[in-house]
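Have a look at the structure below before the remarks.
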Amino acid sequence: MAKVTLNKNAFKALASDTRLKIIRTLDGRKMSLTELSKETDLNKATLHEHLAKLTEAGLIKRIQREGHKWVYYKLSWKGESLLHPENTKIVVVFTAAFISLIAGFTQMYLYISTRFTQNTEQADQGFDVLNTPPPNGAETVTRTTQEATGFFPSDVWLYAAIICFLLFIVLLSFSINKLWKNKHPSL
């Protein structure tokens, strides 16, 4: 289970059953003061006071668009992680999946660039061999793949790219599966 760190203000805000009810009501949606009042059966003045304490604790956000008179309230990331601590794990796995995707594209770029430089070097070498005949008795020397590309053969970059792309697919499918299970809780 993921850990949620709370400060002193958050503990004070969560000490009230009414505020806990407000947090549960705001789970997954944003609501105006009137909607919250109807949903929780609380007076608007009382509700406003509780919302101020929850906002001060950083558990909810107050959303007010410029030029509009309606104010909406929704859970902040801290409030969401309080109700759903497993979402933090999903975000970490999503991030790891996309880092793997970026690494895969980088490896593919390295593979293509080493292949391109290897092909141009071979073409240049072939051009020189055609234009300048070897001296009598001298044999033409061809370079091996490791000499042409430096330390690694260029296929290593291709294998690394394939591994990164496979890792991306596995991590992405795992995180989507977890997200799907969290959206539809089992009874």
- Between I63 and K178, take the C-beta separation as r, use R0 = 35 Å, and let me know the FRET efficiency to the nearest 0.05. 0.80
- Message: Using amide H atoms built in the peptide plane, which far-off residues or other-chain residues are under 5 Å from S76 H to H?
- Response: I60, K61
- Task: Return the inverse of the average 1/r over all pairs of distinct C-alpha atoms in segment 8-83, which is the Kirkwood hydrodynamic radius, in Å to one decimal.
- Result: 12.3
- Karplus-derived 3J(HN,Hα), 6.51/-1.76/1.60, for each residue of segment 26-31, Hz, glycine and proline x: 7, 4, x, 8, 10, 9
- Message: Multiplying the sequence separation of N9 and K74 by 0.36 nm and subtracting their Cα-Cα distance, what value in nm do you get?
- Response: 21.6 nm
- With a Förster distance of 22 angstrom and the Cβ-Cβ distance between A52 and S32, calculated FRET efficiency to the nearest 0.05 equals 0.90
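Every number in this text was worked out from the coordinates using simple rules, so none of it is lab data. Values in this document were obtained by computation on a predicted structure and should not be read as measured data. With ideal geometry, Cβ positions are generated from the backbone for all residues, glycine too; neighbour counts draw on all protein chains shown.
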